[in-house]
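The values are calculated or read from the model by the stated rules, or taken from the named source; none is laboratory data. All of these numbers come straight from a predicted model, not from anything done at the bench. Cβ placement follows ideal geometry from the backbone for every residue including glycine, while neighbour counts extend to all protein chains displayed. When the accessible area is computed, the model is the full protein with side chains, heavy atoms only, and any ligands, DNA or RNA have been set aside. Shrake-Rupley method; radii C 1.70, N 1.55, O 1.52, S 1.80 Å.
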Amino acid sequence: MRLLYVFALILAVRLASVFVVKTYYVPDEYWQSLEVAHKLTFGYGYLTWEWVRGIRSYVYPLIIAAVYKLLALLQLDSAQLLVLLPRLLQATLSAYSDYRFYVWTGKRKWALFLILVPWFWFYTGSRTLANTLEASLTTIALSYFPWYGEGTAYLWPAAICCFLRPTAAVIWLPLAFYHLRKSRLSVPELILKRFVLIGLLVAGAGIAIDTYWHGELIVTPWEFLKYNVLHNIGSFYGSHPWYWYFTVGLPTVLGINTLPFIFGIMQTVRQGNKFPISKQLLISILVTLLVLSTVEHKEFRFVSSLLPLCLYVSAEALSRWSYRASRTQLWAAALVILVGNVVPGWYLSTVHQKGPIELMPKLREIAQEYRDEREQRANILFLMPCHSTPYYSHIHENVTMRFLTCEPNLEQRDNFKDEADRFFDAPMHWLRSHIPVHPLSALPSHLVLFDTLGDKISEFLANYKLLHSIEHAEVNKLVDSQALLDEWSSALGTQLPNVASLLQYVQSRTGKSILVYQRLQTGEENAFNRQEYREQEPDLPQTSENLFN
């Protein structure tokens, strides 16, 4: 198959994902890339605590900021293009990395098939996540690794990868030792003239960029490790048992591809001499999983860089199996893998958590057109778990917005609770303490919240009317599933999680729909509700001070 046709096919799939994937995954897709680039380019926006503390590198956001600057110079900086072009750029890089994977694997058909169909890569391959960039750079570096012969070209993308996300170094340490062991060059020459030299050049350029934009001399990889590993700040955002990556994390990322990967492991273990590259890749995978397992905070995307390694092992095993398999077996295997990826890929890309993406054009329209009775522009309050939606990058209007923050306990205070936790513990108390109710014009012009919060702040919402209701995600109580888990728990003699309790917590903060409320203007007030509200709450402060900002 011609390489140009192969690349065109891969590029078509990745570009298609830009338009098919219309759901929300994790905040970092926006808050650690697009929002930073927007503030750099247009001068307004929001930087999270990671940027204030200097644990993030500006290298990736600056690439997006360059795109934004070009659009601004051409007067084409519409919100739609600010969202679309960075994703097209990332999708193109992902397509190139997929092409390099195909070349690296010896241009096998199974390799092309396996790199195109994974649900997780389709779901994340065009997202502006540092993890997506890391996975792409890892694949490119692996394709240039000197598995046979000699070469150090792989060190450049690998070094960039390690600078942007220091945890990526775990993948490359076993491979670096493998290179040292098989290279014809002497160990001192390879280390000093290749490893150290290229590493210093990349690190020097990265430090110079970060120092300029952070405004002080700073080494962001060290700050990243200091906060996330030494201070274990990541555990503030959730903890998982040490074995989570082995039992849940990597199997979920692989999905149905776990089956050929296990087959590849079995083949490699049995006949290691026939699978030398797979053998070395399995060592890197195991070392990476073990090291990452020592960190309490775990996420699926943290092992996305292992996907090309796992797919290589799978492709090599399936390719050898294909020589003795019948046509029926080949088609059956391909069909199972395809359907097993299409179903979760379609659901998660088009249905689950689509609310935040559908919400932003409506907020953009409000930001552009809304004026209250005093001709003031919109000010929007997000009463949601922090970073539940994109922000200025998707609105591109300099209006006042506020969300509930969730900065970790950086000062090590006792009994610490972030703003979002304090709000959800007592929503009405927080609103009375932070938001004035008189005069009416002092209230935020718009509220954004999940439907489960509505009943808890119904008194406050008496001053608002419902403007939009946007479907977000299906949330079920799973009573039958809990009964099944209880049976398993009894049979196994162990304690399994209480799904009902977990969902009760989730439902208290998120919901099936996202609601947008607009403040009542003069002449629109619901007099009955307002009178009832005043009688129930006679001691409310009568200040007109705007605490919103």
Positive minus negative residues near residue 447 (Lys, Arg vs Asp, Glu; Cβ under 12 Å) = +3
Cα-Cα longer than 21 Å, checked against 22/362; 417/465; 107/274; 362/512; 354/417, kept in input order, equals 417/465; 354/417
Largest to smallest accessible area among 374, 108 [probe 1.4 Å] | 374, 108
Hey, got a sec? Which trypsin sites (Lys or Arg not before Pro) in region 324-369 land in a DSSP loop and have at most 14 other Cβ atoms within 10 Å?
-> 324
For the residue 319, residue 374 Cβ pair and Förster radius 60 Å, calculated FRET efficiency rounded to 0.05 is 0.30
Contour minus end-to-end for residue 2 and residue 212, with contour as 0.36 nm per residue of separation and end-to-end as the Cα-Cα distance?
-> 71.1 nm
Going through region 34-120, which chymotrypsin sites (Phe, Trp or Tyr not before Pro) have at most 14 other Cβ atoms within 10 Å and a DSSP loop state?
-> 44
Along Cα→Cβ, 7 Å out, is where each label goes; now give me the distance between the ones at residue 78 and residue 469 in nm to one decimal.
-> 3.1
Solvent exposure, largest accessible area first (probe 1.4 Å, DNA, RNA and ligands not counted), of 328, 400 | 328, 400
Orphan Cys of the chain, criterion: no other Cys C-beta under 4.7 Å = 161, 162, 310
Modelled label reach - residue 434, point 7 Å along Cα→Cβ, region 223-241 residues with backbone N closer than 13 Å | none
Spacing of the two label points (7 Å from each Cα toward its C-beta) at residue 247 and residue 417, in nm = 3.1
About its Cα centre, what dipole magnitude does the chain give when the only charges are +1 on Lys and Arg Cβ and -1 on Asp and Glu Cβ, stated in debye to the nearest 20?
-> 3080
Probe 1.4 Å - accessible area at residue 421, Å² to nearest ten | 40
Using a 1.4 Å probe, how large is the accessible area of residue 417, given in Å² and rounded to the nearest 10?
-> 100
Scan the chain and note any complete DSSP helix (H) whose C-alpha atoms cover at least 24 Å along its axis and whose Kyte-Doolittle average is 1.6 or more.
-> 3-20, 276-293
